[in-house]
Amino acid sequence: MSREQLAQEIIDAGRFLYGRGWSPATSSNYSTRLAADQALLTVSGKHKGQLGTDDVLATDLDGNSLEAGKKPSAETLLHTQLYRWNGGVGAVLHTHSVNATVLSRLTAGDRLVLEDYELQKAFSGVSSHEGQVIVPIFDNDQDIARLAAQVQPWLDAHPDCVGYLIRGHGLYTWGPRMSDALRQVEAFEFLFECELKVRAILNR
């Protein structure tokens with residue numbers, strides 16, 4: 001796909017995710033793989049429901065801007081890390097939904113376990129409700145390089161990982177194409193809402 005087409009995918013994703021309430025205001029960031037050693041990402045501080053073609057920029061996989069005058073998101077390294085880790089990753093989405101934020105705060109320990117949900121099959125590589133989808137939870141950190149260093153060992157040990165949470169912050173998920181990443185965001189959001197409702201009922 002051309003740069004223009006990839007940029008439009010990011011713009012369209014922003015409108016969809018903002019419309020669902022999963023990327024309020026200037027929160028969140030999105031990217032696509034532009035080349036083997038480059039990514040196309042949202043610039044810092046832009047409203048995700050109002051993105052335009054000038055609101056994306058190319059970076060190398062070290063997170064350095066390749067376009068003068070444009071500042072990449074503070075979390076660029078968490079995107080480029082995924083492109084380095086897996087050559088099949090073509091798009092990465094980071095959202096800030098209420099469900100992801102609250103559930104990551106309520107879940108004790110370093111992971112959320114999803115099991116016995118039919119919609120688990122929406123995730124790449126999952127073919128049955130009978131298994132578990134393990135979603136690691138990392139504590140929030142404003143030092144993104146340090147946070148990325150915590151994420152990397154989990155990715156290396158779990159090549160089938162489909163997403164992770166940052167506590168009190170939001171969700172990261174990815175896929176070969178933007179449509180795959182969007183599908184996984186929707187699946188995660190449905191399952192997060194189910195988990196919160198189950199917990200609310202059990203704690204009455």
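What follows draws every value from the coordinates through simple rules; no lab data is involved. Only a predicted model underlies this, so the values are computations on that prediction, with no experimental measurement involved. Here the Cβ positions follow ideal geometry from the backbone for every residue, glycine too, while neighbour counts run over all protein chains shown.
What to note about this one:
- When only Cα pairs below 8 angstrom with a gap of at least 6 residues are kept, the chain shows a relative contact order of 20 percent.
- Residue among 157, 25, 100 with the largest mean-square fluctuation in a Gaussian network model of the chain, springs linking Cα atoms under 10 Å: 157
- Taking 7 Å steps out from each Cα toward its Cβ at residue 132 and residue 118 produces label points 2.4 nm apart.
- Estimated 222 nm signal from helices in the chain, with DSSP H stretches of n ≥ 4 weighted -39500 (n - 2.57), rounded to 500: -12000 deg cm²/dmol
- With the simple spin-label model, which puts each label point 7 Å out from Cα in the Cβ direction, the residue 204 to residue 142 separation comes to 4.2 nm.
- Taking each residue as 0.36 nm, the span from residue 47 to residue 67 lengthens on full extension beyond its C-alpha to C-alpha distance by 5.2 nm.
- The aspartates and glutamates whose alpha-carbon is closer than 12 Å to the alpha-carbon of residue 71, local same-chain residues fewer than 8 away aside, are 54, 55.
- Correct choice for mean projected area of the Cα convex hull in nm² that was computed from the model, options [x] 13.2; [y] 11.0; [z] 10.3: [y]
- The order of 33, 20, going from fewest to most other C-beta atoms within 10 Å of their C-beta, is 20, 33.
- Counting neighbouring beta carbons within 10 Å and listing from fewest to most, the residues 154, 174 come out as 154, 174.
- Filter on 121/197; 70/197; 70/121 - keep pairs with C-alpha separation over 32 Å: 70/197; 70/121
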